[in-house]
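*Asks:* Here it is, the structure in full.
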Amino acid sequence: MPVISTSQSQRFPFPIPFGWFHIGFSADLAPGDQKVLTRFGQELVLWRSLTGDYVLQDAYCPHLGAHFGHGGEVTEKGIKCPFHHWVFNTDGRVVEIPYAKRLNERGCVRTYPLAERHGIIMGWYHPENEPPLYELPHLDEFASDAYTKPISTSHTIATCLQEMGENTADSAHFVTVHGHPGDAEYGRFDFEPFKILMESTQLFPSSGGPVKGTLKTTNYGFGWAEVRYETLIDVCMLTTNCPVDHETVEQLFHVSWKNPDRDPKIDRIGEAFNKEVNRQLLDDAKIWEYKRFEPNPVLCDGDGPISKYRKWATQFYAETSL
């Protein structure tokens, strides 16, 4: 594992990783709306054109630094700066300067690629402004009438994505932190470029006692994880993340379960499952918010492939950031 600069944070030595990250929900913006966000350690503005396109750009006008989100306006041509009324289109190029005889070709606002999946807006971040290096999938379950509408729950946690991601490879904590009645048995744990594939069998706690189930997880970078549970019911949970800054992450669980006949009993189990996974996340948060990254951990044979996870994770830190 390469040596990473310790200048990024007192607790975590990592720069902001690159990848696809949660930006918002498409239902939250009507055409002409805008919203100020902090993502990737930067202040941004998410806006929607009058024709319905979503746009994520730096919040400050490159002319003299006015903030688009405080007094700016979405027009037919793009977003208008509140200071001198320069207008920038969905590509970030200046398309109108009301008092100038010609446009300033250097007038450009950094614009981030977006992908909309199942009503979720995901944004691509790379510190060197590189284009997306991988694509995000669509979930068959979220498009199926046999599954319920996902319940989305957001948590903002004082940690970094590297620390949260290591839970994927930390088999022991399911018993010690979450109170699972037994260790997970892994049938598959494959690390691929930009992707992790994991399958396991576990005993899950329930009101009726331990329940055996299988779990299949597919991670795409740090920002997107699909988790499919087969236990008392079939559950599909999508996790989307975003680094707010070097020591803050927003994580969202989107939980759906199979119930084609709309059986009230299945819905009660699904609602209990949703409550339980969010409870377990809060258990994790109590640890994450007070721990620091240990670069030379003293591991034992029951800890899971933490070292392999760390090696996989290094691909998301640009060389110039290390």
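The numbers here are math on the coordinates, done by the rules we state, and not lab data. Not measured: the values here are computed from a predicted model. Ideal geometry is used to build each Cβ from the backbone, glycine not excepted, and the neighbour counts take in all protein chains shown.
*Asks:* Cut-off under 20 Å on the C-alpha distance; same-chain residues fewer than 8 positions from residue 212 excluded. Which lysines are left, in chain and number order?
*Replies:* Correct list for residue 212: 258, 265, 275.
*Asks:* Roughly what would the spin-label model give for residue 84 and residue 262, points 7 Å off Cα along C-beta, in nm?
*Replies:* Modelled inter-label distance: 5.8 nm.
*Asks:* Compare the Cα positions of 132, 299, 172 along the charge dipole of the chain (+1 at Cβ of Lys, Arg; -1 at Cβ of Asp, Glu; about the Cα centre) and return the one farthest towards the positive end.
*Replies:* Of the candidates, 132 comes out farthest on the positive side.
*Asks:* Using 7 Å Cα-to-Cβ label points, what is the residue 93/residue 197 separation (nm, one decimal)?
*Replies:* Once both label points are built, they end up 4.2 nm from each other.
*Asks:* Would you be so kind as to identify which of 287, 59, 103 lies farthest towards the positive end of the dipole of the chain, taking Lys and Arg as +1 and Asp and Glu as -1 on Cβ and the Cα centre as origin?
*Replies:* With unit charges placed on the Cβ atoms, the residue in question is 103.
*Asks:* Quick one: if the Förster radius is 35 Å, what FRET efficiency do residue 212 and residue 319 give, using the C-beta to C-beta distance and rounding to 0.05?
*Replies:* Details: r = 45 Å, r/R0 = 1.28.
It comes out at approximately 0.20.
*Asks:* Which one of 92, 273, 220 is farthest out on the positive end of the charge dipole of the chain, using unit charges on Cβ (Lys, Arg +1; Asp, Glu -1) and the Cα centre as origin?
*Replies:* Final value for the positive-end residue is 92.
*Asks:* Something else now. For the chain, list the cysteines whose Cβ sits under 4.7 Å from no other cysteine Cβ?
*Replies:* 108, 160, 236, 242, 300, each lacking another Cys Cβ under 4.7 Å.
*Asks:* Let me have the relative contact order for the chain, percent, based on Cα pairs under 8 Å that are six or more residues apart. Write out the running numbers ahead of the final one.
*Replies:* On the way: 637 pairs, mean separation 65.1, N = 322.
For the chain, the relative contact order is 20 percent.
*Asks:* Straight-line reach from residue 35: which lysines fall under 29 Å, measuring Cα to Cα and dropping same-chain residues less than 8 apart?
*Replies:* Those lysines meeting the cut-off are 77, 80, 149.
*Asks:* Now, a different point. Would you mind calculating the gained length between residue 103 and residue 77 on full extension (0.36 nm times residue separation, minus the Cα-Cα distance), in nm to one decimal?
*Replies:* On the way: separation 26, 0.36 × 26 = 9.36 nm, distance 1.42 nm.
Using 0.36 nm per residue and subtracting the Cα-Cα distance, I get 7.9 nm.
*Asks:* What ranking do 95-107, 40-52, 246-258 get when scored by the average of other Cβ atoms within 10 Å per residue, highest first? Intermediate values should be presented prior to the final figure.
*Replies:* Details: 95-107: 11.2, 40-52: 17.8, 246-258: 20.5.
The densest-packed peptide leads the list: 246-258, 40-52, 95-107.
*Asks:* What list do you get for 211, 227 if you sort them by fewest beta carbons within 10 Å?
*Replies:* On the way: 211 14, 227 19.
Going from sparsest to densest Cβ surroundings: 211, 227.
*Asks:* Here's something else I'd like to know. Roughly how many debye, to the nearest 20, is the charge dipole of segment 32-138 about its Cα centre, given +1 on each Lys and Arg Cβ, -1 on each Asp and Glu Cβ, and no other charges? Intermediate values should be presented prior to the final figure.
*Replies:* Details: 11 positive and 13 negative charges, 58 e Å.
My answer is approximately 280 debye.
*Asks:* Give me the extension gain from residue 185 to residue 248: residue separation times 0.36 nm, minus the current Cα-Cα distance, reported in nm with one decimal. Working shown, then result.
*Replies:* Working: separation 63, 0.36 × 63 = 22.68 nm, distance 3.15 nm.
Residue separation times 0.36 nm, minus the Cα-Cα distance, leaves 19.5 nm.
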